[in-house]
Every structure is written in C-alpha cells, then in structure tokens.
Amino acid sequence: MRARYGIPLKVTAGITAAGAAGLIYAAGIEPRSFRLRRVTIPVLPAGMRPLRVLQVSDIHMVGGQRKKQRWLRSLAGLRPDFVINTGDNLSDPEGVPEVLDALGPLMEFPGAYVFGSNDYYGPRLRNPARYLFEKARGAHGLNGNAPAVGVVHNPWEDLRDGFDAAGWLNLTNTRGALKIEGMEIGFTGLDDPHIKRDRYAHVAGGPDSGADFSMGIVHAPYLRSLDAFTADGYPLVLAGHTHGGQLCIPFYGALITNCDLDTDRVKGLSTHEAEGHRSYLHVSAGCGANRYTPVRFACPPEATLLTLTPRP
C-alpha cells in the first residue's frame, strides 16, 4: 500500500520514528550529558605560572535537577585556582537554595561572578521560532524590543548574598581583584547587556596597572561590550548566554546566538578585534536551558577548565 501523493507508508513511518527518536534524545538524553571541556589560552605575561580557571555558566537551575547538582558539586575535584560564574544561574524563583548547594564545594575556591537576565527575571513561555525572527530583524533581548512587562522577579538578592558570603567578587559594572599565590588577578565586569544593564563607562580605562593579569567578564557577548573590552586592551574576555546555539545542526553548527555575535563564535575560544587591538574571547555553551525549552541537540551542556599560559 502507498500513502497519498506517492509516498510509501514505510518511508512515512521511518521519518516519524526518526523525528520521535530525535525529540527523545534532544529532550531526555543530551540535556543531561554533562561535559567538561579543557581549553588552553596563551594569554599571560611572560614569567607567570599557568592558571587554572573553571568557568560555569547558564545553569538555569530548576527544582529537582539532581544530576546537574551532583555534577556541579563534582567539579570541585578539579581544584581550579579560581572560578568564574558568567550568570543565568536560575530558571525557577525557588531555585536559589539548590544553586547555592550545588556550587557550595566550588565556593571554597576564590571566585567572581556576573548576573544574566534570568537571574533577575523568571522565564516566560514563548515560541522558540521567535529567536529566528528576532535574528532576521536584528532585535535581541531588549535591544530594540519593547521592555519586558508582567515578568516574574527572581530573588537574585539571595543569590548575590550567598555568593558574597563565600567571598566571591561581585563584578556588576565594577572592578575587583583576587590574590592567587602572591599574584594579583584583576577583573572588570559588566551587568547583562541583553537587558541593557551594562554600564561600561563606569569601568572604562583598561586593565589595572597594578595587577599581574586582567580579564573582562560579561554574561551576554554583545559586540558593544566586546568592542569596549578589546579596545581598552583586555587580553581575555569570558562570556556565556548563547547556550552554544542550543539546537544545532550536525556538521553545520548553530543557527542563532540570541545576541548580535556571529554564529561562528557561538561557543568556545575565538578572537575579537577592535581599534587595532585583539582579545581572546571564550564563550561557554553553559550547562542548562530555559525551563520552557529544556532541550539540546548537537550541543551538550558543559563547563570549561581554562588553562591560561604565558604568551609565546
């Protein structure tokens, strides 16, 4: 028997089965297939010893995500020199205690953090195709869109207080420094450009001359922020937000970045140029997803152990 329009029923059934299998994998398997990536970046001044930096990002914690919590706790076994959290820890207003519990062992190490939009506001159910439409018309986040109304306000103050109590640096539109075995590591951070909370003018001026090494930290890698950090001479910028594209096409890559960064740099290590300067950029694909779109395909959840080494 043949289906209408001449398509064999076996082919139709095969396509349906393949689609169902892909959906099961994207929703039930890959989002829980946590990975650790290791990246070496030759960015330190000559003579400095290598630094091991653990970057965690886009946790998007929802109550009951036990496997994710166990995996995050296990990362303390890497014994990094310090930890950088590039935001979007929450996807549930009740998730603060579970975030702090999961990150508890990591908060025994020096660290610093910035927040993302989902730390401030709870997610809303929306059509995922809107990301493609927004990309087509150049509208990202609140950059060109109408201000968010009727949103859930997350208890970000409790999250901030927990991080601060552990001694992590709050880099919300400010600077800070950590002492690591006699070395001073400087940081310049921005609040989330995705919701226009970044204020680079408050921190402009380039790396701290008294620091042995400095880097820029931001949640969403919007070009205006990357341009500012790079033009000011920061050798390294860390960011998250993109989820690595989240739903990618094998052998092709991401379709969107949810910001104005190009898809070629949606995750991993790349470079950025501005006003005759060049910086390394590392974008984490993160280890979670919005609670209303808890799927990943060809883009496993991750944390990254960055080994910073002296420049050649």
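The values are calculated or read from the model by the stated rules, or taken from the named source; none is laboratory data. Predicted, not measured: the structure shown is a model, and the values here were computed from it. Here the Cβ is made from the backbone with ideal geometry for all residues, glycine too, and neighbour counts use every protein chain on show. Each accessible area value is taken on the protein alone, full model and side chains, heavy atoms only, with ligands, DNA and RNA left out. Shrake-Rupley method; radii C 1.70, N 1.55, O 1.52, S 1.80 Å.
Show the residue pairs meeting these rules: Cβ distance below 9 Å; 6+ apart or different chains; first residue within the range 173-184 and over 17 Å from M48 (Cα atoms); second residue among the basic types (K, R) and open to solvent by 30 Å² or more (accessible area, probe 1.4 Å).
N173/R197; N173/R199
Determine whether Y280 is open to solvent by 60 Å² or more (accessible area, probe 1.4 Å) and assigned to a strand (DSSP E or B). So that I can check it myself, show each step before the final result.
Working: open to solvent by 60 Å² or more (accessible area, probe 1.4 Å): yes; assigned to a strand (DSSP E or B): yes.
So Y280 passes the test.
Exactly one of (1) out of contact with any strand residue (DSSP E or B) (no Cβ under 9 Å at 6 or more places or on another chain); (2) at positive phi; (3) not polar (S, T, N, Q) is unmet by Y252. Its number?
(2)
For the range 289-307, give me each residue that is outside any strand (DSSP E or B) and closer than 20 Å to P80 by Cβ.
P301
Could you say whether any residue in the range 291-304 is surrounded by fewer than 21 Cβ atoms within 10 Å (Cβ to Cβ) and free of Cβ contacts under 8 Å to residues at least 40 places away in the same chain? Outline the logic, then answer.
Pass one, the range 291-304, residues surrounded by fewer than 21 Cβ atoms within 10 Å (Cβ to Cβ): 291-295, 297-298, 300.
Now restrict to residues that are free of Cβ contacts under 8 Å to residues at least 40 places away in the same chain: none.
No, every residue in the range 291-304 fails to be surrounded by fewer than 21 Cβ atoms within 10 Å (Cβ to Cβ) and free of Cβ contacts under 8 Å to residues at least 40 places away in the same chain.
Counting residues that are open to solvent by 40 Å² or more (accessible area, probe 1.4 Å), which strands (runs of 3 or more DSSP E) fully inside the range 145-255 reach at least 2?
Passing ranges, in order: 174-180.
For (1) touching a His at 6+ places or on another chain (Cβ under 7 Å); (2) more than 21 Å from V53 (Cα to Cα); (3) touching a residue at least 60 places away in the same chain (Cβ under 8 Å), each residue gets a yes or a no:
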| position | (1), (2), (3) |
| --- | --- |
| D208 | no, no, no |
| A220 | yes, no, yes |
| G233 | yes, no, no |
| A239 | yes, no, yes |
